[in-house]
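The numbers here are math on the coordinates, done by the rules we state, and not lab data. Given the structure is predicted, the values throughout are model-derived calculations rather than measurements. All Cβ positions, glycine included, derive from the backbone under ideal geometry; neighbour counts span all protein chains shown.
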Amino acid sequence: MMMRQTLSVAMGISILVVSVARETLAAEAGFAERDITPEIGMEQPGGYSKRFHRTLHDACKVRAAVFTNGERRVAIIGVDALMVPRHLVLACRQEIEEKCAIPADSIMIAASHSHSSGPTGMVQPGEYDHASEFVRKLAYEKSSAADPVYLEQVKIAIVEATFEAHESLATLNVGFGSGIEGNGVFNRRFRMTSGFENTHPGQGNPGILGPAGPTDPEVGVVAAWGDDGELVGCIVNFVCHATVNPGGISANYIYYLERVIRGVMGEDVIVVFTAGASGDVTQVDNLSPYVRPRPEQWSRMVGGRVGAEAVKVMYSMETSTEFAVASRNKTLRIQRRPPRPDRVEAAYEMLQDSKLKADATELAFAKETVMLDALLKKVPIADVEVQAVQVGPVVFVSNPAEYFCQYGLDIKQGSDFPLTFPVSLANGCVGYVPTEEALGPRGGGYETRLSSYSNLIPTAGTTIANEGIALTRQLQPGVIPTRALHRPFSGTGWAYGNLPPQVD
């Protein structure tokens, strides 16, 4: 287990950057959004092979929230995307800093991890140009890959949305809170009678002993109202894989989350979504005896329930126009774990022997083994940014991983803030970061398999969590606004209530 009171740096990891911010009060907020809907025919991201969009269900967006206290500015940007590659984040930050004077290290750019969004990953343009022709073909022609034209579209939208949010800064009444919606999300990993752990072992599998990890049902909310009582914008944080594809290009369940909030609060409300530590949490209940809902219905169920809970939280909030704004961040250098040479050799043989019979899973991971071997020759160590952004009593603690849920819970427990919202897949992407138990001798599941996408050393998750907690402790937690205290009892209650009974 991780140590929550001390900063632990694992072997092979060093600190590159430390950013320190100044906190005061007197705050303003601004919100904006931009469309980033991909074209039909573009790649649908997710998985280790190519798929293409054939239909459109709903728009994908960039949504931005900017907060300032007059001296310090921070931005939290949610993107309807599977991932936001590091090079895209750095380019966006540079332009935003030039246009808005928001410090680059105070900008958090987070993907929703929508598996029905546009092609921002997995393989990046030019990533394998150094490799052999055989590996380049595997990477660019056989793997899920980002579209450079679409990446530029997303970059422009992120910069424009953040600029508009910054330009719209105004004194708003901001509230902070959280609720619970745990009925529609489940850990997808299970301990099995085989002695190992499986991902999605299947409904009714008699070998299931029980879940191999927790869920986190908290719905975190920051919301801002104008003096007219109209909601201007909000940030919602929730832990669930965005794999509830309703069919076609879509923001995924986040679309229905937004629809519910807008349906109650107003059609112009900007809803910024950040995904919590949901690397092993999805909408799929492997223990359910019932037939799964249809995709559209399922997407409505998850997004609608989370949106409804967010509305309940907002209706219960007290607000303030004074709150601290601050940020801290560190970039870690974390080693990747290489595949064994004999496995690399076997993978090459499997992929080059057209007569060899192998199933799709074996071929997929053989491809990934070969690609990882090539990637390690160029980038043997990963840049992993951990960031803490404070808005009053809330601290958003980010990482660039498909981060297992237990780590998010550890960060919440280790933080002194009244409200702590972990944010995964922010400021880059380093793939799955499972727990050390999942990567241990009795672990398992596809998240633990080496690939060009997921390959950090086993202690990475613990180190990221400890660094995130340490960053929160460099900040001064704010206080959640509460109602004014009632005046002392005057000695008289309600006159109508202080009457004797009448029975005749």
Practice task
Using Cα centres only, tell me the gap between segment 460-497 and segment 118-190 in whole Å.
Solution key: 33 Å
Problem - Separation of the Q94 and R54 label points, Cα + 7 Å toward Cβ, nm - result: 4.1 nm
Completion exercise
Rounded to the nearest 10 degrees, the helix 360-378 long axis (Cα) sits at an angle to the longest Cα principal axis of the chain of 90 degrees
Completion exercise
Cβ density ranking, 10 Å radius, fewest first, applied to K377, K50 yields K377, K50
Handout entry: Per-pair calculated FRET efficiency, R0 = 41 Å: R473 and K377 via Cβ, rounded to 0.05
Key = 0.60
Handout entry: Alpha-carbon radius of gyration plus Dmax, which is the widest Cα pair, for segment 308-364 in Å
Key = 26.4, 69
Practice task
Just rank H486, H130, H53, fewest to most, by other beta-carbon atoms within 10 angstrom.
Solution key: H486, H130, H53
Handout entry: Cα-based Kirkwood hydrodynamic radius, segment 288-440, one decimal, Å
Key = 19.8 Å
Problem - Angle between the chain longest axis and helix 341-352 axis [Cα atoms, degrees, rounded to 10] - result: 80 degrees
Handout entry: Cα-based convex hull, segment 166-217, per residue volume (Å³, whole number)
Key = 140 Å³
Problem - Whole-number D in µm²/s for the chain (Stokes-Einstein; Kirkwood sum over Cα pairs; 25 °C, 0.890 mPa s) - result: 104 µm²/s
Fill in the blank from the handout: Taking a ≥ b ≥ c as the square roots of the eigenvalues of the Cα gyration tensor, with a/c under 1.5 meaning rounded and otherwise prolate when a/b exceeds b/c and oblate if not, segment 57-189 is oblate
Practice task
Subtract the Cα-Cα distance of N183 and A26 from 0.36 nm times their separation in residues, and report this length gain in nm to one decimal.
Solution key: 52.6 nm
Handout entry: Tilt relative to the chain, helix 295-315 - C-alpha long axis, 0 to 90 degrees, to 10
Key = 30 degrees
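Quick check on the exposure proxy: order T215, T120 from fewest to most C-beta atoms within 10 angstrom.
Least to most surrounded, the residues fall as T215, T120.
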Practice task
Place a label point 7 angstrom from the Cα of Y446 along the Cα-to-Cβ direction, then list the residues of segment 72-91 whose backbone nitrogen is under 18 Å away.
Solution key: 82-83
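Compute the signed sum of charges (Lys and Arg +1, Asp and Glu -1) over the other residues within less than 9 Å, Cβ to Cβ, of V239.
The answer is -2.
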Completion exercise
Per its Cα gyration tensor (rounded if a/c is under 1.5, else prolate when a/b beats b/c, else oblate), segment 48-132 is best filed as oblate
Handout entry: DSSP bridge pairs, the chain: antiparallel proportion in percent, nearest 5
Key = 75 percent
Problem - Expected 222 nm ellipticity per residue - DSSP helices of 4 or more, -39500 (n - 2.57), all of the chain, to 500 - result: -8500 deg cm²/dmol
